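One structure is given here, and the rest of the page talks about it.
The values are calculated or read from the model by the stated rules, or taken from the named source; none is laboratory data. Computed from a predicted structure; not experimentally measured. Here the Cβ is made from the backbone with ideal geometry for all residues, glycine too, and neighbour counts use every protein chain on show. These area figures cover heavy atoms from the full protein model, side chains too; ligands, DNA and RNA do not enter into them. Shrake-Rupley method; radii C 1.70, N 1.55, O 1.52, S 1.80 Å.
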Amino acid sequence: MNNIKINKVKAFREALNKTQLEMAEILDISQPSYYKKERNRTFSDKEKVILTKYFKTFFPSETLESIFF
């Protein structure tokens, strides 16, 4: 069986009804940059911390590891 990995950043963004532009503003980057990072899951460590803190306000049981690894 294939090991399917869910893109939790995208799933959480969509669950919160946020646009890529809104998420890009949280990270202080452009929307095209955010799109590439979300698609390829290539967030920097600093961005991972920022996103984890943001998502924890809505999903308190999530951790950096559970979101990104």
(request) Could you please tell me which pairs satisfy a Cβ distance under 7 Å, a separation of 6+ or placement on different chains, a first residue in region 24-43 that is under 16 Å from F55 (Cα atoms), and a second residue that is of a type in the set (K, R)? (result) E38/K10; F43/K37
(request) Return the residue satisfying two criteria in turn: it lies in region 23-62 and is open to solvent by 60 Å² or more (accessible area, probe 1.4 Å) and in a loop (DSSP other than H, G, I, E, B), and of such residues it is nearest to N7 (Cα to Cα). (result) R41
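Each row is one residue, and each column tells you yes or no for (1) more than 13 Å from F68 (Cβ to Cβ); (2) touching a strand residue (DSSP E or B) at 6+ places or on another chain (Cβ under 8 Å); (3) not acidic (D, E).
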position: Q20; (1), (2), (3): yes, no, yes
position: E25; (1), (2), (3): yes, no, no
position: Q31; (1), (2), (3): yes, no, yes
position: V49; (1), (2), (3): no, no, yes
position: F55; (1), (2), (3): no, no, yes
(message) With the requirement that a residue be at pLDDT 95 or above and over 11 Å from the mean Cα position of the chain (by Cα), what does region 1-17 give you?
(response) A15, L16, N17
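Every residue in region 31-43 that is touching a Leu at 6+ places or on another chain (Cβ under 9 Å) and among the polar types (S, T, N, Q), please. Walk me through how you get there before you give the answer.
Going residue by residue through region 31-43, those that are touching a Leu at 6+ places or on another chain (Cβ under 9 Å) are 31, 33-34, 37, 43.
Q31, S33, listed by residue number.
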(message) Pairs please, first residue from region 6-22 and over 13 Å from Y35 (Cα atoms) and part of a helix (DSSP H, G or I), second anywhere and at pLDDT below 95 and among the small types (G, A, S), Cβ atoms under 8 Å, 6+ apart in sequence or on different chains.
(response) K8/S66
